[in-house]
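Some notes on the structure that comes next.
The values are calculated or read from the model by the stated rules, or taken from the named source; none is laboratory data. The structure displayed is predicted, hence computed values, not measured ones. Note that each Cβ is placed from the backbone with ideal geometry, even for glycine, and that neighbours are counted across all protein chains shown. Heavy atoms of the whole protein, side chains included, go into the accessibility calculation; ligands, DNA and RNA do not. Shrake-Rupley method; radii C 1.70, N 1.55, O 1.52, S 1.80 Å.
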2 protein chains.
Amino acid sequence: MARLADPDLAVRRRQQILDAAEACFRRRGFHQATMQEICAEARISPGALYRYFDSKADIIAAISEEKRRDAEEEFRKLMVERTFIDSLIAVARKFLAKHSDSEAGSLLCDIASEAARDSILAQRLFGIQEGSVASLAEAVAVAQARGEIDPALAPMEVARMLMTFFDGISVRAAFKIEPHETILHQFRVVAERYLAPTTRAPT
Amino acid sequence: MARLADPDLAVRRRQQILDAAEACFRRRGFHQATMQEICAEARISPGALYRYFDSKADIIAAISEEKRRDAEEEFRKLMVERTFIDSLIAVARKFLAKHSDSEAGSLLCDIASEAARDSILAQRLFGIQEGSVASLAEAVAVAQARGEIDPALAPMEVARMLMTFFDGISVRAAFKIEPHETILHQFRVVAERYLAPTTRAPT
DNA sequence: ACCTGAACACCGTTCAAGT
DNA sequence: ACCTGAACACCGTTCAAGT
């Protein structure tokens, strides 16, 4: 990528390309969409595009980061009001809708498989997801103070496990076979039993 | 794919191609590996290869099915002896090792993203995974009889949730950042609390 | 400085020609 | 019947030439 004179133009052009690329990916998937299509959608020539992104993979990386950031915001917004579990299910429901709606279901899978082969991308994405985990952990701590979650559980570990679950749900959603409400109901059972303040009878 | 005279040769050729393809995918990933490489590895010409598989995606589908079948066998083998939870952790450990070892970590992600875009493949893979879920559910039922798992839980639902978790763990493993034992420890906590026969105090 | 678009190397796939 | 390998259409990327 070349040095740029007008940073403002650069920012605009990048966004213009990213928007076009996302539209194309959404329609045809990561690997099916061609650079020609992206260029046409962005109304820009291939040569110009390569001034702003090193490669197709670079565009993928940038969009992945955007997505992860969006997800983090989603978390922050939903993790207030209601009980913790209800918020959690609401987040999961949004997640499912997003991942099976249209052809975008494969996005997380594509991103993960890209990250598996590119450790620099993996680090970047992991860093961003840590943001989500941290804000989720905060919500856990608050819920613990409210007595909704067992105080014996470590908030960060809970947050990480819930995030792992979300990833699993995304994979399942990609198959588009089971009804969402079935998955959500099962998830609620897991979450309730996992998180409940157990005043278990002594063994 | 053309009609074939000698079904035995066909079977041999298909396996020969699948073995070569898997070696290539393992080295370079699904989308990086080229048909030329696969042909070279299989010591066969492109024209010959296309007698046995319709497309690269078709090879991907066949390998995906193999992988899912292997996973099912793995489940059956491990889900005996020991306590249920210990078996589960052992399975998860094997899973993690397989998914982060070498460049094969992205395989499940690639498969899932392929399935998201191809509903016929999705159906085929889902059917195979149902086999794993069913045998896992059996193990759950046995553990319930032994008093290790709360009898109030529906075995099939538990099996499905645990499978969802495995998918999530695979995605996380693809990033190759966190130590496996950390993930496994957290997973154990979830499994124990989720499955434990709760003699909870009444609210 | 920024852009265009033909050109390049290479991909997955096909098909005329061999045995 | 089964195979070969050059050829085809098309991909991601580059770069000489324009403004």
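The set of residues in the range B:48-68 being among the small types (Gly, Ala, Ser), within 16 Å of DNA strand D (Cβ to nearest atom) and within 14 Å of chain A (Cβ to nearest Cβ) consists of B:Ser55, B:Ala57. If you go through the range B:114-152 and keep only what is more than 9 Å from chain A (Cβ to nearest Cβ), open to solvent by 50 Å² or more (accessible area, probe 1.4 Å) and touching a Phe, Trp or Tyr at 6+ places or on another chain (Cβ under 9 Å), you end up with B:Val142, B:Arg146, B:Glu148. The single residue among B:Ala10, B:Ala40, B:Ala21, B:Ala33 that is within 15 Å of DNA strand C (Cβ to nearest atom) and surrounded by fewer than 20 Cβ atoms within 10 Å (Cβ to Cβ) turns out to be B:Ala40.
Residue check: is B:Ser45 of a type outside the set (Asp, Glu), out of contact with any helix residue (DSSP H, G or I) (no Cβ under 8 Å at 6 or more places or on another chain) and either open to solvent by less than 60 Å² (accessible area, probe 1.4 Å) or within 16 Å of DNA strand D (Cβ to nearest atom) (or both)? When the stated conditions are applied, B:Ser45 does not pass them. Could you go through the range A:68-91 and let me know if any residue there is closer than 18 Å to B:Gly168 by Cα and open to solvent by 50 Å² or more (accessible area, probe 1.4 Å). No, that holds for no residue. Scanning the range A:48-65 for residues that are assigned to a helix (DSSP H, G or I) and away from DNA strand C (no atom under 14 Å from the Cβ) yields A:Ala57, A:Asp58, A:Ile59, A:Ile60, A:Ala61, A:Ala62, A:Ile63, A:Ser64, A:Glu65. I'd like the full set of residues that are more than 7 Å from every other protein chain (Cβ to nearest Cβ) and more than 12 Å from the chain's Cα centre (by Cα), limited to the range A:159-180. Within the range A:159-180, A:Ala159, A:Leu162, A:Ala173, A:Glu178, A:Pro179, A:His180 qualify. Given the conditions (1) within 16 Å of DNA strand D (Cβ to nearest atom); (2) buried (at least 20 other Cβ atoms within 10 Å of the Cβ); (3) modelled with pLDDT under 95, which single one is not true for B:Leu96? Only one criterion is unmet by B:Leu96, namely (1). Got at least one residue in the range B:69-76 being away from every other protein chain (no Cβ under 14 Å), over 16 Å from the mean Cα position of the chain (by Cα) and either under 30 Å from B:Ala141 (Cβ atoms) or at pLDDT below 85 (or both)? For the range B:69-76, residues away from every other protein chain (no Cβ under 14 Å), over 16 Å from the mean Cα position of the chain (by Cα) and either under 30 Å from B:Ala141 (Cβ atoms) or at pLDDT below 85 (or both): absent. Would you be able to say whether some residue in the range B:29-38 is within 11 Å of DNA strand D (Cβ to nearest atom) and modelled with pLDDT under 95? Looking through the range B:29-38, at least one residue is within 11 Å of DNA strand D (Cβ to nearest atom) and modelled with pLDDT under 95. Among the residues of the range A:162-203, those that are more than 19 Å from B:Pro197 (Cα to Cα), without any contact (Cβ under 8 Å) to a residue 12 or more places away in the chain and not charged (D, E, K, R) comprise A:Thr164, A:Gly168, A:Phe175, A:Ile177, A:Pro179, A:Thr182, A:His185.
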